[in-house]
Amino acid sequence: MLKLYGTPKSRNFRCIWAAEESGLAYEIVPVGFGAPVKSATHLKLNPNGKIPAMEDGELVLFESLAINLHIASKVGAPLSPSGDDYSRVLQWTLWAATEVEPSAGQWAYNAYIRPQEDRDPGQAAAGAAGVTARLDVLEGQLTEAYMVGPEFTIADCNLASVLYGAWSNKFDFGAHTRVKAWLERCFNRPAALAARKLRDAA
Ligand SMILES: N[C@@H](CCC(=O)N[C@@H](CS)C(=O)NCC(=O)O)C(=O)O
């Protein structure tokens, strides 16, 4: 059985969502922030001292979006399509991690995560501008229900989950109506609702 290490109120939310989408049996080991992620036991699973980590038999992985690609690959299409569509999945996954997440994090830390006195409005504005620039790209690329076509794939899970903090914390999506509709579609899927419930309860 898949083991997903990390409280659901962390990036492990992404992996829980992917596991729910896959239909595979999985177990959450709710490693929390602070000492637990830095413990010798956890460092064997994720030498970065971070969550999530995953165990699938002999395989141990870290990096939330890589874990999700692995989970999807176990069940194949439509979650993990083949051929050119798989290359598109990789494109959007890497884009989420390298283009979207840094700006989304810069905005999030300075808009709602840090204590009020540690927030920098200039950094929040810079992060928001970075996210908005990527939303412009997404708005132009979203011509079907999901990122790679009419069916939900792990690209949607990976990209939408990087935007979850913005979506659930009233980021101004402005005129990005296709992006807004796509995020609503993604986060209201039964699998996403199940993962959100676990996150909210954690
Ligand atoms: N790129 C990594 C980032 C992992 C990460 O930063 N996790 C946070 C929780 S969401 C963490 O473990 N923070 C604890 C710490 O840095 O001490 C991934 O996507 O898995």
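Can you tell me how many residues in segment 63-111 are under 22 Å from residue 166 (Cα atoms) and in the same structural domain as residue 158 (by TED's automatic domain parsing)? The qualifying residues number 22.
Selection of strands (runs of 3 or more DSSP E) fully inside segment 1-87 by the criterion of at least 2 residues being open to solvent by 40 Å² or more (accessible area, probe 1.4 Å) returns 26-29, 59-62. Checking each residue in segment 51-96 for being closer than 16 Å to residue 16 by Cβ and among the charged types (D, E, K, R) picks out 55, 56, 63, 74. The residues on offer are 44, 9, and the sole one that is touching a strand residue (DSSP E or B) at 6+ places or on another chain (Cβ under 9 Å) and among the charged types (D, E, K, R) is 44.
Scanning segment 152-193 for residues that are part of a helix (DSSP H, G or I), without any contact (Cβ under 8 Å) to a residue 40 or more places away in the chain, surrounded by 14 or more Cβ atoms within 10 Å (Cβ to Cβ) and over 14 Å from the mean Cα position of the chain (by Cα) returns a single hit, 180. One residue stands out in segment 62-102 among those that are within 17 Å of residue 147 (Cβ to Cβ) and of a type in the set (Asp, Glu): the one that is farthest from the ligand (Cβ to nearest atom), namely 84. The set of residues in segment 18-55 being closer than 30 Å to residue 77 by Cβ and within 13 Å of the ligand (Cβ to nearest atom) consists of 18, 45, 46, 51, 52, 53, 54.
The values are calculated or read from the model by the stated rules, or taken from the named source; none is laboratory data. Keep in mind the model is a prediction, meaning the values are calculated, not measured. Note: ideal-geometry Cβ built from the backbone for every residue, glycine included; neighbour counts use all protein chains shown. For the accessible areas, the whole protein counts, side chains as well, though only heavy atoms, and no ligand, DNA or RNA atoms are used. Shrake-Rupley method; radii C 1.70, N 1.55, O 1.52, S 1.80 Å.
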